[in-house]
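Quick notes on the structure that follows.
The values are calculated or read from the model by the stated rules, or taken from the named source; none is laboratory data. Since this is a predicted model, take the numbers as computed values, not measurements. In this analysis, Cβ positions are derived from the backbone assuming ideal geometry, glycine residues included, and neighbour counts consider all displayed protein chains. Calculation scope for accessible area: heavy atoms of the full protein, side chains included, ligands and nucleic acids excluded. Shrake-Rupley method; radii C 1.70, N 1.55, O 1.52, S 1.80 Å.
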Amino acid sequence: GAVVSQHPSWVICKSGTSVKIECRSLDFQATTMFWYRQFPKQSLMLMATSNEGSKATYEQGVEKDKFLINHASLTLSTLTVTSAHPEDSSFYICSAPLAGGLTDTQYFGPGTRLTVL
Amino acid sequence: QKEVEQNSGPLSVPEGAIASLNCTYSDRGSQSFFWYRQYSGKSPELIMFIYSNGDKEDGRFTAQLNKASQYVSLLIRDSQPSDSATYLCAVNRAGYSTLTFGKGTMLLVSP
């Protein structure tokens, strides 16, 4: 299968600071990447779709000014949590679709655990 | 609202048994169906996908799809304690990469 990496794997920051999370497709190119958030014992929640060379598409209820997404190349998307607060503490996971035949298959990065103090 | 429904479980099976995980979906435009496994504290990993009616086997895993009934299932043969995880069903529409996920079924395999 395809490999998607994320960096950092975990981060602790103070309230009010910004945190950048990187998502890379290592062995394939991805014009689209997806960002999810998952709170403990809850299901995955799609936050936004990252589009290479254009603006991201945000899901309803997700603040685009708080969660800045940049998809600068075909292998890299970044999510910046601006002015983070304790309620932003969560598990952030990206995924990238690998095109193949009839369908694209999404592969997930290992996730980034964010703790805001 | 396009939905994917799964029983949250937990589904408990003894080691060596067959575990059967079920998923229903509401969007008849759904084209492809995916099963992911997620261990606690980890990200989802792909088990397999299916897009044609019938069965698809990969090792101990068999995915079954019935588009008329809008039903997809995953069978795990010879279940092992290491199979204990949450299993996520996901679907997408033709031409779209975006997945709609179910909430997942927790599977517990006891030694």
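Scanning the stretch A:98-113 for residues that are open to solvent by 20 Å² or more (accessible area, probe 1.4 Å) and assigned to a strand (DSSP E or B) yields A:98, A:99, A:100, A:104, A:107, A:108, A:113. Residues that are over 11 Å from the mean Cα position of the chain (by Cα) and surrounded by 14 or more Cβ atoms within 10 Å (Cβ to Cβ) were ranked within the stretch A:18-31; the one that is farthest from residue A:54 (Cα to Cα) is A:19. In the stretch B:24-40, the residues that are farther than 14 Å from residue A:104 by Cα reach residues that are open to solvent by 60 Å² or more (accessible area, probe 1.4 Å) with C-beta atoms within less than 6 angstrom, at least six apart or across chains, in these pairs: B:24/B:5; B:24/B:71; B:26/B:2; B:26/B:3; B:27/B:2; B:29/B:93; B:37/B:45. Out of the residues in the stretch A:57-97 meeting the condition of being in contact with a Phe, Trp or Tyr (Cβ under 6 Å, 6 or more places away or on another chain) and of a type outside the set (A, V, I, L, M, F, W, C), tell me which one is most open to solvent (accessible area, probe 1.4 Å). By that ranking, first place goes to A:64. Being more than 19 Å from residue A:42 (Cα to Cα) and among the small types (Gly, Ala, Ser) holds for only one residue in B:43, B:84, B:26, B:8, and it is B:26. If I filter the stretch A:1-17 down to residues being part of a strand (DSSP E or B) and open to solvent by 60 Å² or more (accessible area, probe 1.4 Å), which single residue comes out as farthest from residue A:84 (Cα to Cα)? Taking the candidates together, the pick is A:7. When residue A:28 is tested against the conditions (1) closer than 16 Å to residue A:106 by Cβ; (2) away from every other protein chain (no Cβ under 14 Å), the lone failure is (2).
One residue alone among B:105, B:100, B:62 is over 11 Å from the mean Cα position of the chain (by Cα), on the phi < 0 side of the Ramachandran plot and polar (S, T, N, Q), and that residue is B:100.
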